[in-house]
1. Under 8 Å by Cβ, and 6 or more places apart or on different chains, what pairs join a residue from the range 95-110 that is small (Gly, Ala, Ser) with one that is surrounded by 14 or more Cβ atoms within 10 Å (Cβ to Cβ)?
2. Which ones in the range 79-105 are assigned to a loop (DSSP other than H, G, I, E, B) and open to solvent by 80 Å² or more (accessible area, probe 1.4 Å)?
3. Looking at Arg5, Arg39, which one is at pLDDT 70 or above and open to solvent by 90 Å² or more (accessible area, probe 1.4 Å)?
4. Would you be able to tell me the number of residues in the range 39-54 that are among the hydroxyl-bearing types (Ser, Thr, Tyr), within 18 Å of Lys104 (Cβ to Cβ) and touching a helix residue (DSSP H, G or I) at 6+ places or on another chain (Cβ under 7 Å)?
Amino acid sequence: IGGGRGIGQSIVERLLTVYPNIKVHTTYREKNRAKLYLRITNKVFDYLHALTPVLHSDLVEVKSVLKGRDVGEELRSYDTDLFANQINEMLTSNQYDIWKENCKQATKEFNWQQEEKVLLSIFEKLSV
């Protein structure tokens, strides 16, 4: 991504710099694209940290991360007209500000400081 401030710039800072006008992120991926499964969840974490509601696919990996967090909506159809309509509905929804706040709450759980604790715990168990 161009225009960054150099090494050490977080993905959140880049997202906020490069995508300042984005109102909804999507995880529009076809189910048969298995290579993308792991990358999609990482992108969802980035979107949450950018405090941007997510229109997400029904992939199990994504649904398991977002379940119960109310940070957007699940994609109802891959039809392009219905997809566009759903984005427009989200943009005008009374839920929009709630989704943004819920993204903020989700970042308290999904961050490297929390993941560090999990990883250290795993390494401690392995070293015993």
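1. Sorted first by the residue in the range 95-110, then by its partner, the pairs are Ala106/Leu48; Ala106/Arg69; Ala106/Val71.
2. Residues of the range 79-105 that are assigned to a loop (DSSP other than H, G, I, E, B), as a first pass: 79, 92-95.
Within the range 79-105, Thr92, Asn94 qualify.
3. Arg39
4. Taking the range 39-54 first, the residues among the hydroxyl-bearing types (Ser, Thr, Tyr) are 41, 47, 52.
Then drop every residue that is not within 18 Å of Lys104 (Cβ to Cβ), which leaves 47, 52.
Add one more test, that the residue is touching a helix residue (DSSP H, G or I) at 6+ places or on another chain (Cβ under 7 Å), and what stays is 52.
Adding up the residues that qualify gives 1.
The values are calculated or read from the model by the stated rules, or taken from the named source; none is laboratory data. Since the model is a prediction, treat every value here as computed from it, not as a measurement. With ideal geometry, Cβ positions are generated from the backbone for all residues, glycine too; neighbour counts draw on all protein chains shown. To get the accessible areas, we keep the full protein, side chains included, count just its heavy atoms, and leave off ligands, DNA and RNA. Shrake-Rupley method; radii C 1.70, N 1.55, O 1.52, S 1.80 Å.
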